[in-house]
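Here is the structure we will look at.
The values are calculated or read from the model by the stated rules, or taken from the named source; none is laboratory data. These numbers come from a predicted model, not from an experiment. Heads up, the Cβs are rebuilt from the backbone with ideal geometry, glycines too, and the neighbour counts pull from every protein chain shown.
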């Protein structure tokens, strides 16, 4: 596994900032949808979904950046504050990559931007990619963020309307406003459907008493 920059060790411990290793070859089971620029976001600060049905899973992943200005790394991207931001320091596209140790469902990605404060550093066109590893990512959706203020939500779905499923998801900033070069992102979140709780078949006052019947106590 690649070595981490010394100044980012504390951030790595907090949100898992490591450079992911390449995994085994994997063929996606479904073809990801969308091409071109789609109207899939919401510029309002409130989640466009039932918060009881989705959860933020960013802390379960390993984060890496295409580049960063010194002291403007992942810690500021994940600290939950609108006033702080990640600043890239390299050629476009600028990317934020999140890798997971197991195949996960991704329903929404949210990014926090502020055209009022960042102007030419503000992302305008972004692309979401997913795949089994960083070297094998497929476009999921491209979105025009516009002159957004606050959280912008992008829905991630397959052709059947279900959340996409994979090991790695990446946000790529393709174009900034005013043809800016480096970018500012004030936050990134990734949401997955909450796992349903197992439902007991037996009443609490009359539980199954043998191992043979206890195997059938829950519906999966």
Of the conditions (1) modelled with pLDDT of 50 or more; (2) touching a helix residue (DSSP H, G or I) at 6+ places or on another chain (Cβ under 8 Å), the single one that residue 95 does not satisfy is (2)
Scanning segment 87-113 for residues that are assigned to a strand (DSSP E or B) and under 14 Å from residue 153 (Cα atoms) gives 106, 108, 109, 110, 111, 112, 113
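Condition check ((1) under 17 Å from the mean Cα position of the chain (by Cα); (2) in contact (Cβ under 8 Å) with a residue 40 or more places away in the chain; (3) over 30 Å from residue 195 (Cβ atoms)) across all residues:
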| residue | (1), (2), (3) |
| --- | --- |
| 70 | no, yes, yes |
| 73 | yes, yes, yes |
| 96 | yes, yes, no |
| 109 | yes, yes, no |
| 115 | no, yes, yes |
| 126 | yes, yes, no |
| 129 | yes, yes, no |
| 139 | yes, yes, no |
Residue count, segment 69-82, condition out of contact with any helix residue (DSSP H, G or I) (no Cβ under 8 Å at 6 or more places or on another chain) and surrounded by 18 or more Cβ atoms within 10 Å (Cβ to Cβ), comes to 3
Of the conditions (1) in contact with a helix residue (DSSP H, G or I) (Cβ under 6 Å, 6 or more places away or on another chain); (2) modelled with pLDDT of 95 or more; (3) assigned to a loop (DSSP other than H, G, I, E, B), the single one that residue 147 does not satisfy is (2)
- prompt: Hey, any hits in segment 117-126 for a residue that's buried (at least 21 other Cβ atoms within 10 Å of the Cβ), outside any strand (DSSP E or B) and either at pLDDT 95 or above or in contact with a strand residue (DSSP E or B) (Cβ under 6 Å, 6 or more places away or on another chain) (or both)?
  reply: yes
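Determine, yes or no, whether residue 129 is assigned to a strand (DSSP E or B), on the phi < 0 side of the Ramachandran plot and buried (at least 16 other Cβ atoms within 10 Å of the Cβ).
Judged against the criteria, residue 129 is a match.
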Counting only residues in segment 150-172 that are surrounded by 18 or more Cβ atoms within 10 Å (Cβ to Cβ) and not in a strand (DSSP E or B), the one modelled with the highest pLDDT is identified as 156
